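> Before I ask anything, here is the structure I am working with.
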Amino acid sequence: MTLTIEVRAKSGKANELYQTLQALLPTMRRAKGCVNCRVSPDSSNEELYTLSCDWDWKESFEEYMRSGSGSALIGALDLLGESTRIRVGSDTPWEGIKNLKRMRTEA
């Protein structure tokens with residue numbers, strides 16, 4: 001399962017957002033079920049970043065989102081992001097951050 005998070009930084013927060021996402025990567029990569037994870041800046045928009053993560057199972061990602069590290073990711077997106085959209089898989093529609101937040105409360 002591939003998760004893609006596209007986040008546009010708040011004005012003046014692009015560098016801080018990028019550094020924060022980079023700092024979250026080691027913990028995310030160590031999470032059970034995480035196969036690969038990377039942050040990429042958009043070549044045409046310096047305030048736009050894409051976080052792409054491959055997970056062995058959707059349940060592994062959901063477990064990560066319920067962890068303290070998942071909470072830190074949501075907090076960074078809320079604090080530093082102007083807008084965030086997510087997509088699970090490559091052929092699904094883009095959704096809002098509320099879907100990530102909902103994963104934190106579902107068992």
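Every number here is computed from the coordinates shown, using simple stated rules; none is lab data. Since the model is a prediction, treat every value here as computed from it, not as a measurement. Note that we place each Cβ from the backbone using ideal geometry, even for glycine, and neighbour counts take in every protein chain shown.
> Which of the GluC sites (Glu not before Pro) found in the stretch 26-107 are in a DSSP loop and have at most 12 neighbouring Cβ atoms, other than their own, within 10 Å?
Qualifying residues, ordered by number: GLU46, GLU106.
> Explain nothing, just compute: Karplus ³J(HN,Hα) = 6.51 cos²θ - 1.76 cosθ + 1.60, θ = phi - 60°, for every residue of the stretch 91-103 in order, whole Hz, x for Gly and Pro.
Karplus-based 3J(HN,Hα) across the stretch 91-103 equals 10, 9, x, 5, 10, x, 5, 4, 5, 5, 5, 5, 4 Hz.
> Let me ask another. Considering only Cα-Cα distances, which of the following residue pairs are longer than 27 Å: LYS13/LYS58; LYS10/LYS58; LYS58/LYS98?
Over 27 Å Cα-Cα: LYS13/LYS58; LYS10/LYS58.
> Normalised by the residues of the chain, what does the relative contact order come to in percent, with Cα pairs under 8 Å and at least six apart?
Answer for the chain is 37 percent.
> Give me the net charge of THR92's neighbourhood, meaning all other residues with Cβ under 12 Å from the Cβ of THR92; Lys, Arg count +1, Asp, Glu -1.
+1
> Which label marks the calculated value of P(r) over Cα pairs in 10 Å bins from 0, in percent, given the options (1) 13, 36, 33, 15, 2; (2) 15, 52, 29, 3; (3) 14, 37, 22, 13, 8, 4, 1?
(2)
> Based on DSSP H runs of at least 4 residues, each adding -39500 (n - 2.57), what is the mean residue ellipticity at 222 nm of the chain after dividing by all its residues, to the nearest 500 deg cm²/dmol?
Rounded to the nearest 500, the figure is -13000 deg cm²/dmol.
> Further question: Sort ASP91, ASP78, ASP54 so the one with the fewest other Cβ atoms within 10 Å of its own Cβ comes first.
Ascending number of Cβ neighbours within 10 Å: ASP91, ASP78, ASP54.
> What's the angle, to the nearest 10 degrees (0 to 90), between helix 14-30's Cα axis and the longest principal axis of the chain?
Helix 14-30 sits at roughly 20 degrees to that axis.
> Using only Cα atoms, locate the centre of the stretch 1-25 and the centre of the stretch 36-107, then give the distance between them in Å, rounded to an integer.
Centre-to-centre (Cα) distance: 9 Å.
> Can you give the longest run of the chain that contains no chymotrypsin sites (Phe, Trp or Tyr not before Pro) sitting in a DSSP loop with at most 14 other Cβ atoms inside 10 Å?
The reported range is 1-56.
> Would you grab the residues whose amide H sits under 5 Å from the one on GLY81? Only those 5+ places off in sequence or on another chain, please, with H modelled 1.01 Å from N.
LYS10
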